[in-house]
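The values are calculated or read from the model by the stated rules, or taken from the named source; none is laboratory data. None of these values were measured; they are calculated from a predicted model. Don't worry about glycine lacking a Cβ; one is built from the backbone with ideal geometry, like all the others, and counts go over all protein chains shown.
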Amino acid sequence: MTRKTTPADVEVSPRDIHFDASLTNSGHWLDGDPVATAVFNALSLTFPDGERLFMDAVRHYRDRVSGKLAEDVRGFIAQEAIHSREHHGLNQLIDRDRYPVAEIEAQVRERVAFSRGRGPMAMLISTIALEHFTAMMAEVHIRHQDELFQKTDPAIERLWRWHALEETEHKAVAFDVFMEATKDWSPFLRYRRRCIAMALITVMFTRNITRYAARLLEADGYTPEAALKAVKQFVWVKPGLFRRGWKTYFAWYLPGFHPWDQKTTSPTVAAWKAEFDAAALKPA
């Protein structure tokens, strides 16, 4: 059976764009909603260290790939490096005197260090699972963009749309590298390892983001119990950031799965791509 790969017409194009997210420090920047702001700040706080882990996981195996996949790996690393830079800048604007940003960043670094300590293959397997999760959330953003970012500063809104677009473009790069790096494994071993990883990542990622967001909300005057309840309502019920992509999420557990089994193409994606391709060509 021919192994599935990323379609030939999918380009992983880094767009070196600088975003002015200065209004992030003006309070509840996401539509004036403290809960939504806390959730997206919690996500952003995981990105700089997390995306450096993804880059290093893929970079370790780049000598095993060639052709289009080698080009995609270069694009993936460049995209993730720019994402890390822009979210680092955004994170520096969160009011650190008010919110427990340093505490959350320390916890993120500790978890990333644990992942690194398990070795290159464990890093890569964690990466493919987390990349599927972020691609799923990007899909939700694309399909339901009318429910968030409607009263948000345009520069911040564009940053999150740009990130979502590029997550969809490179959603299969780490997976393709994993398939090449494990080509001597039995299909069952490969399937078992990636399914176990996804189950563990699902529990840890959703739990950690929920806890980080709740800690940020506590700084806004919520009790710990009320903060947890509000965040869980946001991520699982409405707008359901973790729930709405369930079809894409569960596709992972199908034997023979490939990330591009779920096509991420639409007029919205095409419009975003044109917008950010043009922005990347403008002089800084």
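Assorted remarks:
- Taken as a whole, the condition of being in a loop (DSSP other than H, G, I, E, B), of a type in the set (A, V, I, L, M, F, W, C) and touching a helix residue (DSSP H, G or I) at 6+ places or on another chain (Cβ under 6 Å) applies to Leu30.
- Residues in the stretch 219-247 that are of a type outside the set (Lys, Arg) and part of a loop (DSSP other than H, G, I, E, B): 11 in all.
- Checking Thr168, Thr152 one by one, the residue that is assigned to a helix (DSSP H, G or I), in contact (Cβ under 8 Å) with a residue 12 or more places away in the chain and β-branched (Val, Ile, Thr) is Thr168 and no other.
- Top-ranked residue in the stretch 188-220 [being of a type in the set (Lys, Arg) and touching a residue at least 60 places away in the same chain (Cβ under 8 Å); ranked as surrounded by the fewest Cβ atoms within 10 Å (Cβ to Cβ)]: Arg193
- Within the stretch 59-76, the set of residues being farther than 17 Å from Leu165 by Cβ and either among the polar types (S, T, N, Q) or part of a helix (DSSP H, G or I) (or both) comprises Arg59, Arg62, Asp63, Arg64, Ser66, Gly67, Lys68, Leu69, Ala70, Glu71, Val73, Arg74.
- Some residue of the stretch 6-22 being farther than 14 Å from Ile156 by Cα, surrounded by fewer than 16 Cβ atoms within 10 Å (Cβ to Cβ) and either modelled with pLDDT of 95 or more or of a type in the set (Phe, Trp, Tyr) (or both): yes
- Flag if Glu86 is touching a residue at least 60 places away in the same chain (Cβ under 8 Å), among the acidic types (Asp, Glu) and surrounded by fewer than 18 Cβ atoms within 10 Å (Cβ to Cβ): no
- Condition met for Glu110 (within 18 Å of Asn208 (Cβ to Cβ), modelled with pLDDT of 95 or more and among the charged types (D, E, K, R)): yes
- The lone criterion from (1) touching a helix residue (DSSP H, G or I) at 6+ places or on another chain (Cβ under 8 Å); (2) modelled with pLDDT of 95 or more left unmet by Val203 is number (1).
- Of the residues making up the stretch 89-114, those that are surrounded by fewer than 19 Cβ atoms within 10 Å (Cβ to Cβ) and either in contact with a strand residue (DSSP E or B) (Cβ under 9 Å, 6 or more places away or on another chain) or not aliphatic (A, V, I, L, M) (or both) number 14.
- The residues listed here are Met136, Met121; of these, the one that is surrounded by fewer than 16 Cβ atoms within 10 Å (Cβ to Cβ) and aliphatic (A, V, I, L, M) is Met121.
- Residue match in the stretch 72-85 (condition: out of contact with any Ser or Thr (no Cβ under 6 Å at 6 or more places or on another chain), at pLDDT 95 or above and hydroxyl-bearing (Ser, Thr, Tyr)): yes
- Filter result for the condition that a residue is in contact with a Phe, Trp or Tyr (Cβ under 8 Å, 6 or more places away or on another chain) and among the polar types (S, T, N, Q), over Thr182, Thr127: Thr127
- Inside the stretch 241-274, residues that are charged (D, E, K, R) and free of Cβ contacts under 8 Å to residues at least 24 places away in the same chain make up a count of 3.
- Flag if Thr46 is more than 22 Å from Thr168 (Cβ to Cβ), in contact with a helix residue (DSSP H, G or I) (Cβ under 8 Å, 6 or more places away or on another chain), surrounded by 16 or more Cβ atoms within 10 Å (Cβ to Cβ) and not hydrophobic (A, V, I, L, M, F, W, C): no
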